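The values are calculated or read from the model by the stated rules, or taken from the named source; none is laboratory data. As the structure is a prediction and not an experimental result, all values here were calculated from the model. As a convention, Cβ positions derive from the backbone with ideal geometry for all residues, glycine included, and neighbour counts pool all protein chains shown. Calculation scope for accessible area: heavy atoms of the full protein, side chains included, ligands and nucleic acids excluded. Shrake-Rupley method; radii C 1.70, N 1.55, O 1.52, S 1.80 Å.
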Amino acid sequence: MTALNVTKDMYEKSQLERLTMISVIIAAFNAAATIDRCINSIDVAKKSYDIELIVIDDGSKDHTASLLHSWASARSWITVKSQKNAGVAEARNTGLDIATGNYIVFIDADDTIDDWYFDFVFEQAVDRDVEMLAFGHKRMMLDGSVIERPNSAAEYSRQDIEMLQLRVTENRHIYWYACTKVYSKNLIADLRFDSDVKFGEDGIFNIACLSKANRLSVLPDCPYNYYENATSITSSQYKSGLLESIEADYTARVKIHDWSISATEKQVLLSDFARSYVEHMLPYLLNNLAHIDMKKRRAELVKIRQSFVYQNCLPHYYQRHPARGIRVLILCFSRRWYVMTLVFLQLSWSKAKVKKYA
């Protein structure tokens, strides 16, 4: 390649970047403790790129609003909009309604990005004209440790994506998070988050996106920092309404999938549903029992087992979980051996406590 061609390519690339805006959407609710950290990381990473930051204050009761307005006063590229509390899905939808960028990214109010985040977004999404880009993240744990969660690099055509849609659980690194994605505005112009889903709304949204996408790029880079917090789904507090949230997620997933497929493909999809709700959702539900009165646990366990989610999924669960303890737990639960299920749960909780204080 001649020097003239190199110069031309660099010029065309710079022109493309000048004509491209990235819309960053943050849903913020009672985020006063973390929002400065979050926006500061975006401010550092912005550099000379054309970025608009849209922050939706979702009815915060603390001083999130005043912090946001301070940022908006100091940075012309930051827009703040306030609304009554409606949940993260509706807040993101409000952001989507007013976003003007060619590409959309989501950042959670308690997370941060690395200073090379937008370098990466422009190089890997904008310059390559990718409809949807998935990347890795770092988990910032409560004990101060950092765990990298990179993806395996892959490029997917429309035909490949159709196969992915049958195996969402197996490819959960692609589906589970909206904050580790870059979306072309053209791809998601008429898509919105399902506000009826309070748990797993990102997965439903990504299934909908990939039902339209002709190209998906997956990269191992980890420019996003996810912070564990005491109120996360994995924390040691009781989550009220968790079963109802998982039922809403299941209903939405059934609705969003394309079922006009062959009998063999349908069986693959049903098996994937079963694996998702048995291996990944069920442990959350069962561990949630640790935080209620012992006398109420059996009734709550029966309620979970009788849920339409497990009535529908267990007949299609054929996997053999690699952990023997979980295999036994799933077996007891599926056979309705409620006392044995609770005994195994109690043993696992006791073992976890011993390990924690050892």
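A Cβ-based charge dipole, computed about the Cα centre of the chain with Lys and Arg at +1 and Asp and Glu at -1, lands at about 1960 debye.
Count charges around Ala28 for me, please; just the other residues with Cβ under 15 Å from its Cβ, Lys/Arg as +1, Asp/Glu as -1. Residues near Ala28 contribute -3 overall. Each residue of the range 51-65 was assigned a 3J(HN,Hα) from its phi angle through the Karplus curve 6.51 cos²θ - 1.76 cosθ + 1.60 (θ = phi - 60°); the sequence is 10, 10, 9, 10, 10, 9, 7, 8, x, 4, 9, 9, 9, 4, 4 Hz, with glycine and proline shown as x. Translational diffusion of the chain was estimated from the Stokes-Einstein equation, with Rh taken as the Kirkwood radius over Cα pairs; at 4 °C and 1.567 mPa s the coefficient is 58 µm²/s.
Here's the picture: charge each Lys and Arg Cβ at +1 and each Asp and Glu Cβ at -1 in the range 267-343, and of Val302, Tyr277, Gln267 the one pushed furthest to the positive end of that dipole is Val302.
Under the convention that each Lys and Arg Cβ holds +1 and each Asp and Glu Cβ holds -1, the size of the dipole of the range 193-308 around its Cα centre is about 460 debye. Taking other residues whose beta carbon is less than 15 angstrom from the beta carbon of Tyr310, and scoring Lys, Arg as +1 and Asp, Glu as -1, yields +1.
Taking every DSSP beta bridge that has both ends in the range 132-246, the antiparallel portion is near 60%.
Which percent, nearest 5, of DSSP beta bridges in the range 25-168 are antiparallel? Antiparallel bridges make up about 25 percent of those DSSP assigns within the range 25-168. Probing with 1.4 Å while keeping every protein chain in the model, the per residue accessible area of the chain equals 50 Å². Axis angle, to the nearest 10 degrees, between helix 201-210 and the longest C-alpha principal axis of the chain: 60 degrees.
Gyration tensor analysis over the Cα atoms of the range 184-333 returns equivalent ellipsoid semi-axes of 29, 21, 16 Å (largest first, whole Å).
So what's the net charge close to Arg320: Lys and Arg +1, Asp and Glu -1, counting the other residues with Cβ under 12 Å from its Cβ?
Here the count lands on +2.
Computed about the Cα centre, the dipole magnitude for the range 89-150 is approximately 160 debye when only Lys and Arg (+1) and Asp and Glu (-1) carry charge, each at its Cβ.
Taking the DSSP beta bridges with both ends in the chain, the antiparallel portion is around 40 percent.
Placing pseudo-labels 7 Å out from each Cα toward the beta carbon at Glu228 and Leu142 gives an inter-label distance of 0.8 nm.
Only helical runs count toward this figure. For the chain, summing -39,500 (n - 2.57) over DSSP H runs of n ≥ 4 and dividing by all residues gives -13500 deg cm²/dmol at 222 nm. Couplings 3J(HN,Hα) for the range 276-292, derived from phi with the Karplus relation 6.51 cos²θ - 1.76 cosθ + 1.60 (θ = phi - 60°), are 4, 7, 8, 7, 10, 7, 4, x, 4, 5, 5, 5, 5, 5, 5, 9, 10 Hz, where x marks Gly and Pro. Rg ratio for the range 295-342: its Cα radius of gyration over 2.2 N^0.38 Å, N being its residue count, equals 1.15. Across the options Leu329, Asn229, Leu166, the greatest Cα extent toward the positive end of the charge dipole of the chain (unit charges at beta carbon of Lys, Arg, Asp, Glu) belongs to Leu329. What do you get for Rg/Rh of the range 151-224 when both radii come from the Cα atoms and Rh is the Kirkwood radius? The Rg/Rh ratio comes out at 0.93.
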